[in-house]
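What follows is a short report on a single structure.
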């Protein structure tokens, strides 16, 4: 049985577990001292320490985050050495850890992204078996691309699970390999990785040598092995095989042929003899690429992955048992669909040779596209006929890689090259050389040491210290040079930011803002910021999918965001995207670097974000309300919530209540400004006349973790008053406001010290001067959430009498008692609801009934 299934629980972990994971636990145990654990813990960053405590379910406190205390706490655990073993296991497996972690925790609310080591610890303590899945993915990726095959018969999930779990399935494949090797080698199924319920990777061992070797302590029996690996992707019907010898390769082929069906090798020759202009005409004008329409070839359904319809990245056009090509042409003429890449054609369903068939597109190689035919139960003659008709219609073949000549196809090639490892690059294309020349991709030569006895590969430094193999203690080793490919994030970011800077310079509607930094779980992201038509926008570059919580944090900032991914495929970014954020890829930026094209790309992004603004504010306010409601008046247990988050959440609610608002806060740290301001504007009845009223409020957010509440000490009093006085001195404020000054300064906190409220009010009254009316107003997080919930509940009434709502909100925020309460909010809503009753609505149902008579 696959060891992946043997260790599902932590209490099952033993020395055999670490042996199978290729961790030399004996050496670690023999050389262990507490300094090893101390070095590990002391080397962790603050964010890693917090994550580690959460994973180990250790109660957090400030003292526990101190290194000595943290060491003692972990040292007392019976499983503390697992952390040392995991550090050893992580060596050279970071990419595999990142990929598997993304697969297992993509949709999880509980993620720990502070480092690859922490991700590995989280995987292990979730299920130890994940360690073997990491090992399998690592071994798979380290071997480069294998031989690819299409299977003529359909696979079942039963086969996938059987090869991993059932002795009968495993015995079959082992016996076939054993017999094919002339019964000279033994085989066993070692482990598997479940990338999805329809995609498995399997690791097998072949015994190559069984010898007794002398050791320092005693002679040891050593069984040398070679690795065989294969993957089965049921969804795509593709098998990939990676073996050390042709004998093993043919043995696996024989197994699949006897037990599943014929394997058809995917040819690697790339088809280039087609015109993207001609292909586009096929869809837009209906004319076959060959000039002659094929007979007996009716297209019933087609799926496009790229639609120009709002919020519809995928679109299907179908008409059962009828040809839909006129509808396809109409969709292209109306620009509902367009071809930017061969990958935009996801699947085509057609009827030919009295059979309904489909082809689906797959990305292979360095961005090429293969259209795979579903040829199950189809004889060779009919298959060849269908393939001929398909090429006659579209101008490119089935079951052969095709160069993606389209504009977006070029961008997909860039993105794919940025996520492949060096040994996965089949040839150094001009595009690849260009990326290296610009130093986006760097090839780094690394010298490793390989043991001739056990074939283990180690860093040279590990061997130099003891001059022996750390795994088998052998002293016959040789140096081996390896090439690794590294992506230079700073170079990519600099390239993108320079393009953005030039875009801003060439636009009369744009103004550049200073580059800022956003920190999430200890990781810093540089942010390019600019104004467009006086509204802020920001752009962020990332080489990995951002966690959902970080995306929601960006969302609550209410700054329209362009998120640029590199080394991540478009389908993955679409799955983990938010409607409120514009996603694109570095490939799209790189292939649009000429300024006219880049201006078009950025204009599209800005227009798209403008259309989403209302949705962004609604979504952010809803999520912020839930966050603040959870905080309430609590001051303890706020380890995952800080002042910056509180500031973003409060602004999201204010922006929803009062659109004319602005936030400064952390964006202007170090400057004497409040958190932000907001303005109310309404028409007030005075006798027979309606007089326009304009008032401005400043506000500050004060999240506290002190039980007594936020301390409004003397310097806080001075700051609050200074904010108001400084704003009053601005000509823009005095010119806008009906009363020529700021009406009040609003404090928002999860908890106030009640005795300090009157003191603050008295201070304002004494110091502000007779000619000014500014006063402090206090509203708790609970009451602010209540105000927003009532605003949402009575939205229809508020829309009818918005002027009255603004007038009553003005009154609420200038209350004589200085404290906004739920009772005062209820009075506001009651007045608004009463006023709304004076407005009658047209009975549209009655009108409809009369028109139907």
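What follows is calculated from the coordinates using simple rules that are stated; it is not laboratory data. Predicted, not measured: the structure shown is a model, and the values here were computed from it. When we count neighbours, we look across all protein chains shown, and the Cβ atoms used for this are built from the backbone with ideal geometry, even at glycine.
Packing around the peptides 844-851, 536-543, taken as the average count of other Cβ atoms within 10 Å per residue, puts them in this order, highest first: 536-543, 844-851.
Here, the chain yields an orientationally averaged convex hull projection of 47.0 nm² when only Cα atoms define the hull. Distance between the modelled labels on residue 265 and residue 736, one decimal in nanometres: 7.2 nm (7 Å Cα→Cβ projection). Here the simple spin-label model places points 7 Å from the Cα toward Cβ, and for residue 157 and residue 322 these points are separated by 3.6 nm. Taking every alpha-carbon pair under 8 Å whose residues sit at least 6 apart, the chain reaches a relative contact order of 6 percent.
The calculated FRET efficiency for residue 823 paired with residue 753, based on their beta-carbon distance and R0 = 30 Å, is about 0.90.
Against the chain, whose longest principal axis is taken from its Cα atoms, helix 46-55 shows a tilt of about 70°.
When both bridge partners sit in region 632-853, DSSP labels roughly 50% of those beta bridges antiparallel. Exposure proxy for 599, 402: other Cβ atoms within 10 Å of each Cβ, ordered fewest to most, give 599, 402. Once the Cα atoms are used to define both axes, helix 781-793 deviates from the longest principal axis of the chain by about 90 degrees. For region 183-262 and region 89-145, what is the separation of their C-alpha centers, rounded to whole Å? After rounding, the separation between the Cα centres reads 21 Å.
Descending by average beta-carbon neighbour count within 10 Å, the peptides 824-832, 773-781, 484-492, 93-101 line up as 773-781, 93-101, 824-832, 484-492, the highest first.
Helical runs (DSSP H, four residues minimum) scored at -39500 (n - 2.57) apiece and divided by the length of the chain put the mean residue ellipticity at 222 nm at -13000 deg cm²/dmol. Going from the fewest other Cβ atoms within 10 Å to the most, the residues 444, 121, 527 appear in the order 444, 527, 121.
How far is the Cα center of region 43-62 from the Cα center of region 625-691, in Å? If you average the Cα positions of each part, the centres end up 32 Å apart.
A crude spin-label estimate for the pair residue 707 and residue 511, with each label 7 Å from Cα along the Cβ direction, gives 4.9 nm. Which angle from 0 to 90°, rounded to the nearest 10, does the C-alpha axis of helix 129-142 make with the longest principal axis of the chain? Roughly 70 degrees between the two axes.
For region 632-853, the relative contact order comes to 18 percent (Cα pairs under 8 Å, sequence separation of at least 6). DSSP finds beta bridges in the chain, and of those with both partners inside it, around 80 percent are antiparallel.
Let's test the formula: R0 of 35 Å, r as the Cβ-Cβ distance of residue 531 and residue 634. What FRET efficiency results, to the nearest 0.05? Calculated transfer efficiency: 0.40.
Sorting 645, 668 by the number of Cβ atoms found within 10 Å of their own Cβ, with the fewest placed first, yields 668, 645. Within region 428-446, which residues have the backbone N less than 19 Å from the label spot 7 Å out from residue 479 along Cα→beta-carbon, could you tell me? Output list for this probe position: 444-446.
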